[in-house]
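Q: My questions all concern the structure below.
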Amino acid sequence: MAKPYRDFSDFLAEHFSGKIQKISVNAGFSCPNRDGTVGTGGCTYCNNQTFNPGYCLPALGVAEQLEEGKRFFARKYPSMRFLAYFQAYTNTHADIDRLSRLYEEALAVDGIVGIIIGTRPDCMPDRLLDYLEGLSTRTFVMVEYGAESCHDSTLQLINRCHTWSQTVDAVNRTSARGIHVGLHMIMGLPGETTDMMLESVDALSALPIDTVKFHQLQLVRGTRLARDVEEGLYDVPRMSVDDYINLCVAIVRRINPSVAIERFTSQSPEELLIYPRWGLKNYQFVNLLERRLREAAR
Ligand code: SF4
């Protein structure tokens with residue numbers, strides 16, 4: 001049965017044969033929106049409690065984390081190969097010597113066939129792109145930018161400390177080097193209507209990106225956003241599972257079909273999550289959404 005939209009496995013299949021799995025790595029970076037480089041206090045939805053130097057410094061090195069991840073997956077799929085996913089915090093926020101050492105440490109691990117680097121759009125200097133462009137001639141390289149919304153008013157409200165035009169600039173500069181680009185977007189940010197969220201889908205559809213992840217906004221204990229909502233400073237759009245499925249149907253209909261959708265939801269730890277408490281895993285949500293998309297296509 002044809003898939004109702006292009007997903008991440010379609011994208012991977014164009015670049016690799018066989019099973020590919022991402023392994024997340026915490027390389028011990030910090031965040032320029034917390035250490036004063038571009039801002040302090042961080043994005044209002046980001047959990048302050050999990051951000052301190054002790055937490056940030058990983059107990060294991062990059063290669064050890066990858067070996068551990070490989071052992072976990074290899075039990076089920078012995079022939080599987082892997083992408084090192086530099087996920088935690090801002091993985092380009094260091095000098096190029098340190099960055100290249102950590103990326104190459106990952107790539108030297110047997111079975112690692114590429115890297116995905118999660119970062120902010122205001123943290124990609126041309127000098128780093130020079131290096132990544134060279135790296136991408138010998139291995140798979142993707143940069144994943146946290147864009148979150150195309151609306152500067154929203155970005156300001158959540159203290160992202162960057163603008164949409166910085167996202168556009170970073171994406172264009174990265175793609176022009178032949179490096180794969182992904183975006184991360186949040187649906188349901190404070191003050192955003194459905195129309196505004198779909199405008200973000202239109203805006204990202206016009207960019208030279210390969211993939212996108214959508215996440216529902218999660219209200220997490222210990223965040224400034226949770227405090228602001230509790231104090232009644234503003235509210236966030238409250239969506240039932242059904243509302244969010246309807247939004248995702250609209251996203252699928254609207255998005256540039258060449259962009260692969262990697263995710264629609266994420267899950268914060270139960271004990272930290274205030275809202276929404278849908279009790280669905282990502283694959284369960286995707287099953288519901290795909291059923292709805294197929295019914296709509298009949
Ligand atoms: S969400 Fe990312 S960019 Fe924002 S404060 Fe947290 S780590 Fe920094």
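Read-outs throughout are calculated quantities, based only on the coordinates presented, and are distinct from any laboratory measurement. As the structure is a computational prediction, the values presented were derived from the model and not from experiment. Neighbour counts are summed over all protein chains in view; Cβ atoms, including those assigned to glycine, are modelled from backbone coordinates with ideal geometry.
Q: Using Cα springs under 10 Å in a Gaussian network model of the chain, which residue among Val212, Val241, Val25 shows the largest mean-square fluctuation?
A: Val241
Q: Given Cβ point charges of +1 (Lys, Arg) and -1 (Asp, Glu) and nothing else, what value in debye, to the nearest 20, does the dipole of the range 33-187 about its Cα centre take?
A: Details: 14 positive and 17 negative charges, 88 e Å.
Dipole magnitude for the range 33-187 comes out near 420 debye.
Q: Using +1 at the C-beta of Lys and Arg and -1 at the C-beta of Asp and Glu, which of Gln156, Thr119, Gln87 has the Cα lying farthest in the positive direction of the dipole of the range 46-174?
A: Final value for the positive-end residue is Gln87.
Q: Here's something else I'd like to know. Dimensions of the range 184-298 along principal axes (Cα, Å, largest first)?
A: 43, 28, 22
Q: Give the distance, in whole Å, between the Cα centre of the range 169-243 and the Cα centre of the range 1-45.
A: Computed from Cα coordinates, the inter-centre distance equals 14 Å.
Q: Once you order the gyration tensor axes a ≥ b ≥ c over the Cα atoms, which shape class does the chain get: rounded for a/c under 1.5, otherwise prolate or oblate by comparing a/b with b/c?
A: On the way: a/c = 1.42, a/b = 1.16, b/c = 1.23.
Cα axes put the chain in the rounded bin.
Q: Here's a follow-up. Mind checking which aspartates and glutamates have their Cα closer than 17 Å to the Cα of Lys76? Skip sequence neighbours fewer than 8 apart in that chain.
A: Leaving aside aspartates and glutamates fewer than 8 places away in the same chain, those within reach of Lys76 are Glu67, Glu68.
Q: How big is D for the range 1-160, in µm² s⁻¹ as a whole number, if Stokes-Einstein is applied with the Kirkwood radius of its Cα pairs at 37 °C and 0.692 mPa s? Intermediate values should be presented prior to the final figure.
A: Details: Rh = 17.2 Å.
This corresponds to a translational diffusion coefficient of 191 µm²/s.
Q: For the chain, what is the charge dipole size about the Cα centre, in debye to the nearest 20, if Lys and Arg each add +1 at the Cβ and Asp and Glu each add -1 at the Cβ?
A: Numbers: 32 positive and 36 negative charges, 195 e Å.
Result for the chain is approximately 940 debye, rounded to the nearest 20.
Q: Right, next: Which of Ala88, Ala260, Ala176 moves most in a GNM of the chain, Cα contacts under 10 Å?
A: Of the options given, Ala176 has the highest mean-square fluctuation.
Q: State whether the range 77-123 is rounded, prolate or oblate according to the following rule on the C-alpha gyration tensor (a ≥ b ≥ c being the square roots of its eigenvalues): a/c under 1.5 gives rounded; otherwise a/b larger than b/c gives prolate, and the remaining case gives oblate.
A: Working: a/c = 3.76, a/b = 1.80, b/c = 2.09.
It is oblate, given that a/c is not under 1.5 and a/b is not larger than b/c.
Q: Oh, and also: List the lysines whose Cα lies under 18 Å from the Cα of Lys213, skipping any in the same chain that are fewer than 8 positions away.
A: Once the sequence-local lysines are set aside, what remains near Lys213 is Lys3, Lys22, Lys281.
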